[in-house]
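Report on the following structure.
Each value in this text was obtained by applying a stated rule to the coordinates, not by laboratory testing. Since the structure is predicted, the reported quantities are computational estimates derived from the model, not experimental observations. Neighbour counts run over all protein chains shown; Cβ positions are idealised from the backbone, glycine included.
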Amino acid sequence: MKVTKKDLGKNDVELTIELEHSEILPFLDKVTNKLANQVKIPGFRSGKAPFNLVKKQLGDMKIYEAALDSIVSHSFFEAVQKENLNTVGQPDIKIVKLAPDNPVIFTATVSLLPAVELGDWKKLSVTKKPAEITSEDVDKTLAQLQAMQAKEIITNEPAKKGNKVELDFEVYIDKVIIEGGKNIKYPVVLGQGQMIPGFEDQIVGLKIGAAKEFDLKFPDQYFQSHVAGRLANFKVKVVNVYHRDLPALDDAFAKSISFENMEKLKNQLRDNIKNDKEFRENQRVESETIRTVSQQAQIGDIPKKLLDNEIHKMIHELEHNIKQQGLDMAGYMKSINKTHDNLHRDFEPQAIARVQAALVIRAIAKAENIQTDSQDIETELNKQKETHKNNPEALKNISHPDYKNYLANLLTNQKVIKLIKDNIVK
């Protein structure tokens, strides 16, 4: 086998692979024997006809074509090993020459994993902040619990701060209703700031049955980027106005939600708030450690195929999240006035960061000889099977052969991230 490598740039290479006729004979023989069972030759039972008669009946070219996939996959794998290449994704194959009694020649264009130089990453530092609990944190949570126990009575008086209102409203941008912009009996407690700035002020003073139309600008940093900073038209009708009678925050209140007294309720809230803050801080620190180590590393060009795969994964994740909210991807794309190509470009910076992080984690795993053995995988598999024992669909996914590879990568990545945090988090 002759292999010629051509560098195409951006960590893409083209391999020209040439196999002599003698090298492909085993593949031709194997496929001929297989095809013999499918060929009817007078005077012979299926699969019992002489080799030369089968070849004559089928024709040399048909046998070559039938053997081509095996020839290409086997020789490509050998060529990659011979050239010591770390490939990613599937190769693009083009047949250059395929003719009876001649060498087989084909090209394989393939992407390579970029080289990663980690540098002295263990000298980096990320600071973890302590989880500080303030009296304001406890008071805010108590107020939320108090609001949940409020008694609500419909009133015909004009709505004021502290009242709950139920609203029918629609939101338009450029005279087109936005995705998720139609709401029926939507509950809002005036004064809590749950709507965009200015919205609740427009409702104060309205009675049941009142209708109002007004314009407001969405904040520039609004979480839904497709409406951020844009002027919208709101059409609102007040369905109900409720006076809210809040219970006193005393021992009786604590007992109503299964605590002996107010002090024990507050202690539990402190513990809950601390745990929540620690969880969120751990997530922030983990993201920052990976980002810090990635920024320190020297990473080669990311192949287009690798980047495209990550972007497709991100788009798939977005589509899944949208469906979970009961929305439609096509409708969502229309509401944000973007095409698939626009979305692809928008995701590119984040995709680059994700690919770089994955490359760095892989490089550290290799440098530190971090692996996940079969026992670790089996232990985790059994744990997940027990957790999902009443979910047939989940059990089917867990039992799929590819899931073991996914799990091995996941467990190895977790070990690497722990190593990074152990070394640089202060």
* To do: Calculate, for I153 and S258, the FRET efficiency according to 1/(1 + (r/R0)^6) with r their C-beta to C-beta distance and R0 22 Å; round to the nearest 0.05.
  => 0.25
* Charges only on Cβ, +1 for Lys and Arg, -1 for Asp and Glu: so what's the dipole of the stretch 275-396 about the Cα centre, in debye to the nearest 20? -> 300
* Structure fact -> Exposure-ranked with fewest Cβ neighbours within 10 Å first, M148, M329 stand as M148, M329
* Asked: Under Stokes-Einstein, with the Kirkwood radius over Cα pairs standing in for Rh, what whole-number D in µm²/s applies to the stretch 262-424 at 20 °C and 1.002 mPa s?
  -> 111
* To do: Holding the Cα-Cα limit at 30 Å, pick out from K277/K366; K30/K97; K217/K338; K82/K385; K304/K338; K2/K305 the pairs that are longer than that.
  => K277/K366; K82/K385
* Structure fact -> the stretch 229-272, Kirkwood Rh and Cα Rg, ratio Rg/Rh at 1.36
* Square roots of five times the Cα gyration tensor eigenvalues for the stretch 163-259, Å -> 31, 17, 11
* Please state the charge dipole magnitude for the chain, taken about the Cα centre, from unit charges on C-beta atoms (+1 on K and R, -1 on D and E), reported in debye and rounded to the nearest 20. => 700
* Lys/Arg Cβ at +1, Asp/Glu Cβ at -1, dipole of the chain taken about the Cα centre: which of Q325, F106, P219 is farthest positive-ward? -> F106
* Listed residues H344, H21, H312, most fluctuating in the chain (Gaussian network, C-alpha, under 10 Å) -> H21
* To do: Kindly identify the stretch 364-426 as rounded, prolate or oblate by the Cα gyration tensor criterion: order the square roots of the eigenvalues as a ≥ b ≥ c, call it rounded if a/c is under 1.5, otherwise compare a/b with b/c, prolate if a/b is larger, else oblate.
  => prolate
* What is the stretch 74-141 by shape, rounded, prolate or oblate, if you read a ≥ b ≥ c off the alpha carbon gyration tensor as root eigenvalues and call it rounded for a/c under 1.5, prolate for a/b larger than b/c, and oblate otherwise? -> prolate
* Asked: From the residues S287, I71, A210, which one has its Cα farthest along the dipole of the chain in the positive direction, the dipole being from +1 and -1 charges on Cβ of Lys/Arg and Asp/Glu about the Cα centre?
  -> I71
* **Length-normalised contact order of the chain in % [C-alpha pairs under 8 Å, at least 6 apart]** => 16
* Mean Cα-pair separation over length for the stretch 150-245, i.e. relative contact order, pairs under 8 Å, 6 or more apart, % -> 43
* Asked: Mind checking which of L249, L53, L407 has the largest fluctuation in a GNM of the chain, springs on alpha carbons under 10 Å?
  -> L53
* Taking only C-alpha pairs under 8 Å that are 6+ residues apart, what is the relative contact order of the stretch 262-424 in percent? -> 28
* **Spherically averaged projected area of the chain from its Cα convex hull (nm²)** => 32.8
* Any number yet on Rg/Rh for the stretch 267-328, C-alpha, Kirkwood? -> 1.18
* Length added when fully stretched, K129-D251, from 0.36 nm per residue minus Cα-Cα -> 40.5 nm
* the stretch 106-192 shape via C-alpha gyration tensor axes, a/c threshold 1.5 -> oblate
* Asked: So which of K140/K323; K122/K415; K94/K334 end up more than 27 Å apart by C-alpha?
  -> K140/K323; K94/K334
